[in-house]
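To start, the structure itself, in structure tokens.
The values are calculated or read from the model by the stated rules, or taken from the named source; none is laboratory data. Predicted model, so just to flag it, every value in this text is computed and none were measured. Don't worry about glycine lacking a Cβ; one is built from the backbone with ideal geometry, like all the others, and counts go over all protein chains shown.
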Amino acid sequence: MMAGYLTNMSDIIYNGIRKTNRFLNIGKNFMEFKENALTEEIYRKLRSSVEWMNFSTEQIKQGLSRSLYSLVAYDVEKPIGMGRIVGDGIYNTICDIVIDPAYQGRGLGTEIMNRLLAYLENQTPENGRVSVQLIAEKGKETFYKKFGFQSVPNESSGSGMRMIIRK
């Protein structure tokens with residue numbers, strides 16, 4: 001397993017390969033997780049729930065179609081959280097970790113991160129390696145450090161950089 005990686009009681013390990021259950025008990029409710037079921041409507045709605053700026057419909061549809069893997073958490077039929085991975089299997093970026101504010105603080109973000117990282121771990125060949133990066137929202141860095149992410153620059157990496165193009 002990856003260093004600093006959290007495990008969860010809802011996980012099952014077979015022959016060293018981590019499999020995740022489809023449901024998670026949070027309080028009195030069971031949350032259901034659906035893989036690669038993220039739609040433009042759900043994406044837009046969840047980003048709006050945390051007051052993140054949305055993208056154009058065309059951009060969202062194109063971006064979602066190019067996702068390596070995505071996960072949506074549901075409370076009955078209501079989408080309450082999401083996360084996705086974009087990448088090529090060698091270099092991967094975790095993005096769009098969003099939890100509906102009414103469900104924050106219950107471990108749902110941790111569960112989504114665990115499942116995204118488990119997907120990458122299961123896809124990594126024996127003796128292989130992958131690079132996983134993300135850009136944390138300001139003030140959320142500590143959350144991601146629990147999973148083994150490190151701030152950059154550090155002893156082995158220069159500063160992370162990004163650019164936003166607006167048109």
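Miscellaneous remarks
- Flag for Asp100 being over 19 Å from Ala37 (Cα atoms) and more than 11 Å from the chain's Cα centre (by Cα): no
- When residues of the range 112-167 are limited to those that are surrounded by fewer than 14 Cβ atoms within 10 Å (Cβ to Cβ) and hydrophobic (A, V, I, L, M, F, W, C), the one nearest to the chain's Cα centre (by Cα): Ile135
- Checked against (1) hydrophobic (A, V, I, L, M, F, W, C); (2) touching a Pro at 6+ places or on another chain (Cβ under 7 Å); (3) not in a strand (DSSP E or B), Leu120 meets all criteria but (2).
- Residue list for the range 50-101, restricted to those being among the basic types (Lys, Arg) and either within 18 Å of Ile164 (Cβ to Cβ) or not in a strand (DSSP E or B) (or both): Lys61, Arg66
- Yes/no for Ser157 being in contact with an Asp or Glu (Cβ under 9 Å, 6 or more places away or on another chain), part of a loop (DSSP other than H, G, I, E, B) and farther than 22 Å from Ser70 by Cβ: no
- Options Val86, Val98: the member that is of a type in the set (A, V, I, L, M, F, W, C), surrounded by fewer than 19 Cβ atoms within 10 Å (Cβ to Cβ), free of Cβ contacts under 8 Å to residues at least 60 places away in the same chain and closer than 19 Å to Ile60 by Cβ: Val86
- The set of residues in the range 33-45 that are closer than 16 Å to Ile85 by Cβ and not in a loop (DSSP other than H, G, I, E, B) comprises Phe33, Lys34, Glu35, Tyr43.
- Residue pairs whose Cβ atoms lie under 6 Å apart, sitting 6 or more positions apart in sequence or on different chains, and linking a residue in the range 134-145 that is closer than 18 Å to Leu108 by Cβ and of a type in the set (A, V, I, L, M) to a partner that is at pLDDT 95 or above and outside any helix (DSSP H, G or I), are Leu134/Ile94.
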